[in-house]
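Scroll down for the structure; my scribbles are underneath it.
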Amino acid sequence: MLTEEEKTEIMSAIRHHESGRAACVDVLKIVQRHRGWVSDEIHDIAGLLDMTTEEVDGLATFYSFIFRKPVGKHMILICDSVCCWTMGYEVMREHLTARLGIRPGETTGDGQFTLLPVSCLGLCDAAPAMIIGDEVFGNLTTEKIDAILERYAD
Amino acid sequence: MTTERPLTGSMKLNGEPLDIREYEKAGGYQAFRKALGSMTPAEIQSVVKDSGLRGRGGAGFPTGQKWSFMPAVDTVPGPRYLIANADEMEPGTFKDRVLIEGNPHQLIEGIIISAYALQVDRAYIFLRCDYRRGAMRLLRALEEAYAANYAGKNILGSGFTLDIRLHVSAGRYICGEETALLNALEGRRPVPRAKPPHPQTCGLWGRPTVINNTETFCNIPHIVDKGAAWFKGLGLTEGGTKIYTASGRVKRPGAWELPLGTPLRDLLNEHAGGMADGYSFRAVIPGGASTDFLLEEHLDVNMDFTAPQKFGSRLGTGGLIVLDDRTCPVGLVSNLIHFFSRESCGWCTPCREGLPWVAKTLQAIEDGEGRPEDIGILEGHTRLLGPGNTFCFLAPGAMEPLQSALTYFRDDFERHIREKRCPWR
Ligand SMILES: Cc1cc2nc3c(=O)[nH]c(=O)nc-3n(C[C@H](O)[C@H](O)[C@H](O)COP(=O)(O)O)c2cc1C
Ligand code: SF4
């Protein structure tokens, strides 16, 4: 069930667009901002947008950054594309998996971190690079990763 | 050779964006005032056409010509749209990020002038979601532009009205393909549409629509301000400047605005500072992941829209990806193909089925499990997934670095298979 707060935000997003359908990605993001991921709300969303549940789910599963499964509090998006790969992505990934005790795509047992290798982040001049939340981290080394994880652990 | 850098010259060295005051102090919104105050839409279209500006999104289509395919308002009245493509997900490419983060108003001014030239009253900026800093800066700049009435209703009393909206996407390389982008904006599954009809006549919600790359729009204010002849004079071999970037094991990875046609060798040695200590040059992918490798013997090529074709490659996005001697070429190509395979939208069979197959074959070779016949299979796929066999250019683009790698690094492929291991590991 969508909360009243979510519904209000969704209705305002719909008003801002040409149609409910055109607002779909923004609406999925609203729900994801509140819950971290998008679950069975898909059905309620479809009703509000005048779309079928299948259509909304088709979009939700198509986009890389709409999550249909629970994710951790902090998403570690590590770039696995060509420049980062050349500059040491594999070493950084191995270091992260060892430190966090998870494989790529998994979430730590305490729900703090999800590690997700992603397509080129456009940070090629600062490779290897990753993003956590709104923060961008470039020219990664294993030492830097340790310091970054330290800061996020709470 | 000119050293003028109209697109980046006024950017701050500390990486902060210019706000509206600073932008105007540096000459910003002058072209916009000139355009709305004293030029007709047709006059703007003609100066853009005369400038010879070619699209900076990768394909190099002449912008003036693209615009001319949009029907006039009196023949097709009703809504029409303009879209700035800032989806930038081509591996090795980050020029639009540099332009947006450093000077968001320049893009907005380019959009306003272009919208006026095409008599469009609704524009979208389609931004990839990982450019969060860019999104914040664009929103801020849009607020400033609206507050100054450079956008919105009856702009500066001219009678021209323009609404500009920022659409932040949710990740997927295919959304940058212009017709998939249209579906994305409409809230449909972002797979490409059949062409024709072209977006200029039947685009967003079936209405006339022009889509240009971010860097293309950033050139418009300068062309309108200083004229077509000035713009042509900026380049070395073709008109204008280009934002070139370089990444990989070079001394100074980065972005530089340089005359269009700057030789590849100068980009690598002078601007990127040559190879990092302990590494030597092996090859370069010159224009983002969808372009063919070039070797040492090709480095004198002028990086413009025509010259690299002599050597089977392209300017593409101008994003250089450097391959050094300590990186496995098979591993690098395998990484590229994994990207394309993951990002395939799945709409047409050759790409949906072929790319994962190519990816698997490359991975097997890299892991020492390749068979001698695999090279022939890969070569076959460069034709099967080549131009004309797929619905959009994603798959043919993916085949460009593979086909040149199979030619230039043949020995490396064969050695992996013969020795049943990656010699670099
Ligand atoms: C798979 C694919 C991805 C693309 N991604 C982008 C992109 O992120 N940005 C862009 O400007 N053009 C991209 N393009 C090219 C666009 O389809 C289109 O040609 C371009 O935006 C036109 O702008 P221009 O004429 O100013 O170059 C892509 C093309 C393909 C086939
Ligand atoms: S070539 Fe690939 S990305 Fe393009 S339409 Fe076909 S499946 Fe989709």
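The values are calculated or read from the model by the stated rules, or taken from the named source; none is laboratory data. Being a predicted model, the structure only gives us computed values, none of them experimental. With ideal geometry, Cβ positions are generated from the backbone for all residues, glycine too; neighbour counts draw on all protein chains shown. Just the protein is used for accessible areas: all its heavy atoms, side chains included, with ligands, DNA and RNA removed. Shrake-Rupley method; radii C 1.70, N 1.55, O 1.52, S 1.80 Å.
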Next on the checklist: Among DSSP bridges having both ends in segment B:241-324, what percentage is antiparallel? Round to the nearest 5.
Outcome noted: 75 percent
Checklist outcome for this item: Result for interface chain B to chain A, accessible surface buried in total, 1.4 Å probe, Å² to 100, stands at 3600 Å²
Checklist entry - So how compact is segment B:20-232: Cα radius of gyration and Dmax in angstrom? => result 15.9, 45
Item to check | Segments A:107-120, B:207-220 sorted - mean Cβ within 10 Å per residue, highest first | outcome: B:207-220, A:107-120
Checklist outcome for this item: Mean Cβ-within-10 Å packing, highest first, puts peptides A:56-63, B:406-413, B:106-113 in the order B:106-113, A:56-63, B:406-413
Next on the checklist: How shielded is B:165-176 by partner chains, expressed as the average number of their Cβ atoms within 10 Å of its Cβ atoms?
Outcome noted: 4
Checklist entry - Highest mean first, what order results for A:122-134, B:172-184 on Cβ atoms within 10 Å? => result B:172-184, A:122-134
Item to check | On Cα atoms only, tilt of A:4-16 relative to the major axis of chain A in degrees | outcome: 80 degrees
Checklist entry - Where the convex hull is taken over the Cα atoms of segment A:4-62, what is its projected area averaged over directions, in nm²? => result 3.5 nm²
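Between B:I377 and B:E296, what is 0.36 nm times their sequence separation minus the Cα-Cα distance? Round to one decimal in nm.
On the way: separation 81, 0.36 × 81 = 29.16 nm, distance 2.79 nm.
26.4 nm is the gain from fully extending B:I377 to B:E296.
Using only C-alpha positions, report the orientation-averaged shadow area of the convex hull of segment B:282-425, nm², one decimal.
Working: hull surface 32.3 nm².
Average of the hull's projected areas for segment B:282-425 equals 8.1 nm².
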Checklist outcome for this item: Out of A:F113, B:I174, A:I76 - ranked by how far each Cα lies towards the positive end of the dipole of the protein assembly as shown, with unit charges on the beta-carbon of charged residues - the top one is B:I174
Item to check | Probe 1.4 Å, accessible area per residue of segment B:241-324, Å² | outcome: 29 Å²
Next on the checklist: Checking the cross-link filter: which lysines have an alpha carbon closer than 23 Å to that of B:K232, excluding same-chain neighbours under 8 positions apart?
Outcome noted: B:K34, B:K49, B:K66, B:K95, B:K242, B:K310
Checklist outcome for this item: CD proxy, 222 nm, the protein assembly as shown: helix-only mean residue ellipticity via -39,500 (n - 2.57) per DSSP H run with n ≥ 4, per residue, nearest 500, stands at -12500 deg cm²/dmol
Checklist entry - For peptide B:182-194, how many partner chain Cβ atoms fall within 10 Å of a residue's Cβ, on average? => result 4
Next on the checklist: Report, to one decimal in Å, the Kirkwood hydrodynamic radius for segment B:241-324 based on all distinct Cα pairs.
Outcome noted: 12.2 Å
Checklist entry - In bins 5 Å wide, starting from 0, what share of all Cα pairs of segment A:74-152 does each bin hold, as a percent? => result 3, 17, 32, 29, 15, 4, 1
Checklist outcome for this item: Rounded to the angstrom and largest first, Cα extents along the principal axes for the protein assembly as shown equal 73, 64, 46
Checklist outcome for this item: Residue-normalised value, i.e. accessible area per residue, for segment A:74-152 at 1.4 Å probe, in Å², stands at 38 Å²
Item to check | Whole-number accessible area per residue in Å² for segment A:4-62, which is evaluated in the context of all protein chains at 1.4 Å | outcome: 47 Å²
Checklist entry - Quick one: if the Förster radius is 45 Å, what FRET efficiency do B:A42 and A:T8 give, using the C-beta to C-beta distance and rounding to 0.05? => result 0.45
Checklist entry - Tell me, what % of the accessible area of the protein assembly as shown is carbon and sulfur with a 1.4 angstrom probe? => result 52 percent
Checklist entry - Looking only at other chains, what is the average number of their beta-carbon atoms within 10 angstrom of each beta-carbon in A:115-121? => result 5
